[in-house]
Amino acid sequence: MPLQPTLAIGEWPGLIAQCRLSGLAQQLAYNAELMARRQTPTGIEMELALPESNRHLAERAYQDKLREALGAALGTPVRLRIEIGGEGAGSMAAQDRRARQLLQENAAASFNADPFVRDAVRLFDARVRPQSIQPVAMQQGNKP
């Protein structure tokens, strides 16, 4: 069942999941931030922002695959405009990085607050290597 063409910017991750993209077209969608969506007489126009570091993902072939998948999911033709530059703070990639960072910070805080760790540091003049602390989910291969 196609999604409604009235896509809200916050629905980008769900739409991309429905597109079942792979390869570099998937990476384009994952690293791009949906900046605007406009209904046009001939379909939908989407404006995406892509960080400079991911410029290589803006090649026409990857855009075409993404455009076709979006059109199929929305049930209407899609036109893409990709602007290079900016931080991409609203992209799925940036959201995942923030979630992993928060998970890491919480794991470090929990580890350092553990009474056994505090005692070991105090009694043996030990030091905790921050890079050695990993959230349990990451240790089990379940990256967020």
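The values are calculated or read from the model by the stated rules, or taken from the named source; none is laboratory data. For clarity, every value in this text was computed on a predicted model and none was experimentally measured. Ideal geometry is used to build each Cβ from the backbone, glycine not excepted, and the neighbour counts take in all protein chains shown.
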- Could you identify the single residue in Val128, Val121 that is β-branched (Val, Ile, Thr) and part of a helix (DSSP H, G or I)? Val121
- Query: How about region 65-96: which of its residues are among the small types (Gly, Ala, Ser), in a loop (DSSP other than H, G, I, E, B) and over 13 Å from Gln26 (Cβ atoms)?
  - Reply: Gly75, Gly85, Gly86, Gly88, Ala89, Gly90
- Message: So, in region 56-97, exactly how many residues are within 16 Å of the chain's Cα centre (by Cα) and modelled with pLDDT of 95 or more?
- Response: 2
- Hey, any hits in region 125-133 for a residue that's aliphatic (A, V, I, L, M) and either in contact with an Asp or Glu (Cβ under 9 Å, 6 or more places away or on another chain) or under 19 Å from Met35 (Cβ atoms) (or both)? no
- By residue number, the members of region 110-133 that are farther than 23 Å from Arg100 by Cα, surrounded by 13 or more Cβ atoms within 10 Å (Cβ to Cβ) and among the small types (Gly, Ala, Ser) are Ala120
- Residue list for region 7-39, restricted to those being assigned to a strand (DSSP E or B) and either of a type in the set (Gly, Ala, Ser) or touching a residue at least 60 places away in the same chain (Cβ under 8 Å) (or both): Glu33, Ala36
